[in-house]
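The values are calculated or read from the model by the stated rules, or taken from the named source; none is laboratory data. Being a predicted model, the structure only gives us computed values, none of them experimental. Every residue, glycine among them, receives a Cβ derived from its backbone with ideal geometry; neighbour counts consider all protein chains shown.
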Amino acid sequence: MSEIPIGHHHTSGWYEIRLEGHLDSRWASWFNALGLTNESDGTTVIQSQAADQAALHGLLQKVRDIGLPLISVTQVEPDKPESTTEPRSSSSTSIPRRRTTS
């Protein structure tokens, strides 16, 4: 039996989850989200942190449970490199930036 490479494991990460349709801001707490933004193109972007792969799968199960189509999941970098894995306060206005690769 051959082994399947499982790739790089992240212990913690910030993610942008884009959904088709708009969600009310009250859903942000259900997703434990840093931010929930309704875009003009009819999509919702949820910014949230996942402690590990299991937590990311839990977020995606919540997306499935509300029934809105999933458009994308993107891992993003926090604004400040010294960010910790501690949840940010709800009054924070900084939003993670997309990770770029060269």
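Overview of values
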| read-out | value |
| --- | --- |
| Those residues of the range 44-53 which are in contact with a His (Cβ under 8 Å, 6 or more places away or on another chain) and in a strand (DSSP E or B), in sequence order | Thr44 |
| Selection from the range 42-67 of residues that are farther than 14 Å from Gly13 by Cα and among the β-branched types (Val, Ile, Thr) | Thr43, Thr44, Val45, Val63, Ile66 |
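Matching residues to (1) modelled with pLDDT of 80 or more; (2) of a type in the set (Val, Ile, Thr); (3) loosely packed, with under 13 Cβ neighbours inside 10 Å; (4) assigned to a strand (DSSP E or B):
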site: Thr11; (1), (2), (3), (4): no, yes, yes, no
site: Asp41; (1), (2), (3), (4): yes, no, yes, no
site: Ala55; (1), (2), (3), (4): yes, no, no, no
site: Arg64; (1), (2), (3), (4): yes, no, yes, no
site: Val76; (1), (2), (3), (4): yes, yes, no, yes
site: Pro81; (1), (2), (3), (4): no, no, yes, no
site: Arg88; (1), (2), (3), (4): no, no, no, no
